[in-house]
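Engineer: The following block contains the structure, expressed as structure tokens.
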Amino acid sequence: MSFIDDDRPQKKPTHEIGADLSMLSVDELKARVEMLKGEIVRLEAEAARKASGRQAAESFFRS
């Protein structure tokens, strides 16, 4: 019985800042770039949400 790697469930890609990239394929690198772009969007949205909440609180207490 032969197992083909493509049939096995693949791990969700993760990325560690500063990790060695030399063993990754072009497709794996592109997948990590897309994952990190999505994370940047998520981080920016959360920062904006918190900044608007802070501004609302500051204006409330200045009144």
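Engineer: Which entry is the computed volume of the Cα convex hull per residue in Å³ for this structure: [x] 117; [y] 65; [z] 78?
Structural biologist: [x]
Engineer: Can you tell me the length gained on complete extension of the stretch residue 36 to residue 55, counting 0.36 nm per residue apart and subtracting the Cα distance?
Structural biologist: Here the answer is 4.0 nm.
Engineer: Run lengths n ≥ 4 of DSSP H only: what is the helix-derived mean residue ellipticity at 222 nm for the chain, with -39500 (n - 2.57) per run over all residues, to the nearest 500?
Structural biologist: Counting only the DSSP helices, I get -21500 deg cm²/dmol.
Engineer: Can you sort 35, 23 by solvent-accessible area, 1.4 Å probe, largest first?
Structural biologist: From most accessible down to least: 23, 35.
Engineer: Just to confirm the number: angle between the C-alpha axis of helix 26-62 and the first principal axis of the chain, 0 to 90 degrees, nearest 10?
Structural biologist: The answer is roughly 10 degrees.
Engineer: At a 1.4 Å probe radius, which order do 40, 17 fall into by accessible area, largest first?
Structural biologist: 17, 40
The values are calculated or read from the model by the stated rules, or taken from the named source; none is laboratory data. Computed from a prediction, not measured in an experiment: that's the story for all the values here. When the accessible area is computed, the model is the full protein with side chains, heavy atoms only, and any ligands, DNA or RNA have been set aside. Shrake-Rupley method; radii C 1.70, N 1.55, O 1.52, S 1.80 Å.
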